[in-house]
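Down below is the structure, laid out as structure tokens.
Values in this text are rule-based calculations from the coordinates and carry no lab data. Just so it is clear, the model here is predicted, and its values are computed rather than measured. Heads up, the Cβs are rebuilt from the backbone with ideal geometry, glycines too, and the neighbour counts pull from every protein chain shown.
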Amino acid sequence: MSMKKQKEVDKSLRQFIKDLGYISGGAALLATTPWLQSFTPDKAKEIKNEKARIGFIGTGSRGQYNLHAVMAIEHAEVVALCDDYAPNLQAATEICPTAKTYTDYRKLLESKEVDGVIISTPLYLHAQMTLDGLAAGKHVYCEKSMALTLDECKQVYDAYQNTSQVLYICMQRMFDEKYLKGMQMIHSGLIGDVVGERCYWFRNHDWRRPVPSPELERKINWRLYWDYSVGLMTELASHQLEVCCWAKKFAPESVVGMGDIVYWKDGREVYDSVNLVYQFSDGVKINYESLIANMYNGMEEQILGSKGTMNLASGMYYLENEVGNKSGIEQLIGEIGNKVYASVPGAAASWRPETKQKYIPHNIVEGAFSVTEGQSMIGALNDGSDEILSSFCQACITGEQGENIVEEAYQATTLALLGNEAMKRGEKLYYPEEYKIPYMKFS
Ligand SMILES: NC(=O)c1ccc[n+]([C@@H]2O[C@H](COP(=O)([O-])OP(=O)(O)OC[C@H]3O[C@@H](n4cnc5c(N)ncnc54)[C@H](O)[C@@H]3O)[C@@H](O)[C@H]2O)c1
């Protein structure tokens, strides 16, 4: 890796820390986002010139993204790579030729040269690999979602309670500046009471990858089969459910939904279309929708407040009392509409059509506007992925667990799994008591 690339990342990391300081005067933000306490400038000084020795388990698409990112982190060194699919191990070796290679992750875990592992394998392997990693005395960073079943999530959570090793599950929005600042605005009351949440993720793509030979179908297209993945819920929705809980500071209690294969009838098992409603104990609801056969609406995480709306994915917010001027033609249409309705016998003012107002847009972070139009989030500019990886590498040196990182992932994953179960059974499901954990311990 060139020195130039190292410098660039180091600069962006420092800038990130600096930005966090000005967002809120530092202390207030750290109180409401406690996981950032392991990422302050003082903590960064503590690690001096030490380097975390990192091993990679799973070097497919996301693994290679993570590999590039970690190689650009000054306080990390990639020492080991493992994949059981030769072409992907080869691709990783080309990115990092100095690392030792393995095809059996248990052998990598035996290596004394590895401090922490980054697991980027299909979902069905997450729990076992995480548990084995912690048991082998390694710090563990696993990609989202946490695990394939509620029981597995609980096993990972219990292991986390009983380990002195660091555990991170990659919910990168927790390290994304616009989410951090947007949440702080929500929690400080800028948009009033949170009265609703709407999240959606639309794409128009079959989600398939080319398979060189038929027996590799499930290995490569693991996302499409229930034994390996929970489809849209664990691959996309978990990120957005995390945001919904974070905004409310607690988790919903029940869920209903419908899931279907409406378009990609190609032998896959997982739904290509899901619609769910999650309900919090105060009656507030999350409306969730994901469809991968039409991308018109793109993706968004929208927090609806009594005084405004926060569109976290696109990094914008709007206030209810700041409705912009309408154009002449829009005014005319509005007036005609009102007259038409007013002339209907018995039509009171409340019958007038509720046309969408033009709100004045505000950036959550000045100059930062980012939305992926429903396409891949991988590599989206400043999506927090590089920062969470950097924080993990730092934690491998200090041994300090980033607070709430595991709880967020647990909550998001279990809600995604519960939602999927509700769709499969066609029933309203309540969050089971035995899986509840203390969530959002902070104010
Ligand atoms: N945080 C994010 O935004 C984000 C984005 C993309 C993917 N992901 C997650 O990353 C994970 C991987 O996704 P992907 O798209 O890279 O999948 P992928 O299929 O491209 O890569 C998975 C890799 O794991 C390897 N693997 C499978 N079994 C193995 C084993 N027993 N030992 C070693 N290696 C093994 C495969 O050979 C493959 O190379 C998934 O959990 C996914 O949800 C997260």
M295 paired with I437, simple spin-label distance in nm, labels 7 Å along Cα-to-beta-carbon = 3.4
task = Name the long-range amide H neighbours of L148: under 5 Å, sequence gap of 5 or more, or other chain; modelled H, no Pro or chain starts.
result = A127
Amide H partners (placed H, <5 Å) of A76, local residues excluded = A52
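For Q155 and L319 in the same chain, what is the full-extension length gain: residue separation times 0.36 nm, less their Cα-Cα distance, in nm?
Values: separation 164, 0.36 × 164 = 59.04 nm, distance 4.30 nm.
Length gained between Q155 and L319: 54.7 nm.
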Theoretical gain in end-to-end length, N162 to K428 [0.36 nm per residue, Cα-Cα removed] = 92.4 nm
message = Taking the Cα centroid of the range 380-423 and of the range 176-224, what is the distance between the two, rounded to the nearest whole Å?
response = 13
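Under unit Cβ charges (Lys, Arg +1; Asp, Glu -1), what dipole magnitude, rounded to 20 debye, does the range 45-189 have relative to its Cα centre?
320
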message = List the residues, sorted by chain then number, that are 5 or more residues from K100 or on another chain and whose placed amide H is less than 5 Å from its amide H.
response = A80, L81
ask   = Once phi is turned into ³J(HN,Hα) by the Karplus curve 6.51 cos²θ - 1.76 cosθ + 1.60 with θ = phi - 60°, what whole-Hz value does each residue of the range 201-207 show in order, with x for glycine and proline?
value = 9, 10, 9, 10, 7, 6, 6
inquiry  = Applying a 10 Å radius around every beta-carbon, put 415-425, 86-96 in order of their mean neighbour count, most first.
reply    = 415-425, 86-96
